[in-house]
Amino acid sequence: MMFELEVQFEKGSLDSALAEIFRGEIMVRPSLMSSEEEGLRIGVSRPDEVIRLVESSAAFLWAPRCSYQITSVPNGTISVFAWASDFVVIDQVFHSLARLDVLFGFACAEDERKHRNWISRRMKYGVHEGWVGRDFRKYLPGLYWLTVIPRGMQEALGLHVSHLTQVAEEALLQGEKNWLLRLYENPLEWENAATHIDEWCFNTAGCFSKRAANEALGLSTNFIEASQVFAEWR
């Protein structure tokens, strides 16, 4: 089982995000990098060595106990994605990044993310599947084991703090700017809470629920219609 995180930043915050990653303990501090996941890995010790790769496409970084993919997204933002086999490591990295000026972020078991944001349907031409509900500029993509929601996003979407504390075991406001939610202590507990969280997402205005996307995909009859569903709910 792998555990993962993704935190989104404005492009201007790339320096801060990289500085935080390279400031971490040696077990989560990158020592190797490449422009491709299966490409040639070279040594790295400073954030500025990574910036050139990110600006051109993406940078893959490897630390002793976790890996990173840092991507410049077409919408002008930066995505920091990390994965590890130990959720304690992901917890540590996530909390360090969540202190910064983020746009949105989450951490969870890989199966929880797929449950929350992946839809699939077998069509005559094959299986049509993919990620949905990930556009944090349109809505809250969901709630996960760990979720960081900027206060500005929370207020813009009309998400009252009382709504968040209904489902979160812990809800803390960090530095008066980011809400940091922990839904359960152990990320492997997600299946026990899945139905409750699914209902919360469906019934909460401003939050994405894949129920509507699944229904739309179920009504599609060909490749073009199915593709339109994914375009609408990306």
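The values are calculated or read from the model by the stated rules, or taken from the named source; none is laboratory data. If you're wondering where the values come from, they're calculated on a predicted model, not measured in any experiment. Cβ placement follows ideal geometry from the backbone for every residue including glycine, while neighbour counts extend to all protein chains displayed. Accessible surface is based on the protein model in full, side chains and every heavy atom, while ligands, DNA and RNA are left aside. Shrake-Rupley method; radii C 1.70, N 1.55, O 1.52, S 1.80 Å.
At-a-glance table
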read-out: Residue 89, sole failed condition from (1) in contact with a Lys or Arg (Cβ under 6 Å, 6 or more places away or on another chain); (2) modelled with pLDDT under 95; value: (2)
read-out: Residue match in the range 145-154 (condition: at pLDDT 95 or above and touching a helix residue (DSSP H, G or I) at 6+ places or on another chain (Cβ under 7 Å)); value: yes
read-out: Residues located in the range 53-101, provided they are open to solvent by less than 10 Å² (accessible area, probe 1.4 Å), more than 20 Å from residue 178 (Cβ to Cβ) and assigned to a loop (DSSP other than H, G, I, E, B); value: 66
read-out: Pair list, Cβ < 7 Å and 6+ apart or interchain, from the range 219-232 residues that are farther than 16 Å from residue 118 by Cβ and open to solvent by less than 70 Å² (accessible area, probe 1.4 Å) to residues that are of a type in the set (Gly, Ala, Ser) and assigned to a helix (DSSP H, G or I); value: 220/226
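Results for (1) surrounded by fewer than 17 Cβ atoms within 10 Å (Cβ to Cβ); (2) of a type in the set (Gly, Ala, Ser); (3) at pLDDT below 95; (4) under 30 Å from residue 187 (Cα atoms), shown as yes or no for each residue.
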{"residue": "7", "(1), (2), (3), (4)": "no, no, no, yes"}
{"residue": "15", "(1), (2), (3), (4)": "yes, no, yes, yes"}
{"residue": "24", "(1), (2), (3), (4)": "no, yes, yes, yes"}
{"residue": "32", "(1), (2), (3), (4)": "yes, no, no, yes"}
{"residue": "35", "(1), (2), (3), (4)": "yes, yes, yes, no"}
{"residue": "48", "(1), (2), (3), (4)": "yes, no, yes, no"}
{"residue": "51", "(1), (2), (3), (4)": "yes, no, yes, no"}
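Residues checked against (1) at pLDDT below 90; (2) β-branched (Val, Ile, Thr):
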position: 165; (1), (2): yes, yes
position: 180; (1), (2): no, no
position: 213; (1), (2): yes, no
position: 228; (1), (2): yes, no
